[in-house]
1. Please go through segment 53-83 and pick out each residue that is farther than 22 Å from LYS40 by Cα and acidic (Asp, Glu).
2. List pairs: first residue in segment 55-84 and over 17 Å from PRO39 (Cβ atoms), second residue surrounded by 13 or more Cβ atoms within 10 Å (Cβ to Cβ) anywhere in the structure, Cβ distance under 7 angstrom, at least six positions apart or on different chains.
Amino acid sequence: MRRSYISGSQHWWAKAAITWHQRRTEWIGDQSKKSQRVPKDPVISWSTTYDDLLSTNEPFPQPIPLPEMVDFLVDIWSEEGLYD
């Protein structure tokens, strides 16, 4: 009885893992078919300050990629001792 439970459990886990990988591939796509992105110049200038960027209600002239904005904020917060 114990042996059949273990083999049934392993079968369930294997099937679940296969299904998870299939759904993940559907969600993110086949990475081998995607073209390599050429790195773009940063939108935020190295000399931009927190006040320059966020003290206005005007929209940004162009979208700022999330990773770039996160890096910017972490740098600012680190300098001000707000991020450890």
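1. GLU58, GLU79, GLU80
2. From residues that are over 17 Å from PRO39 (Cβ atoms), the pairs are ILE76/TYR50; TYR83/TRP77.
Any read-out appearing in this document is the output of simple, stated calculations on the displayed coordinates, not a laboratory observation. Note that this is a predicted model, so its numbers are computed, not measured. Backbone-built Cβ (ideal geometry, glycine too); neighbour counts: all protein chains shown.
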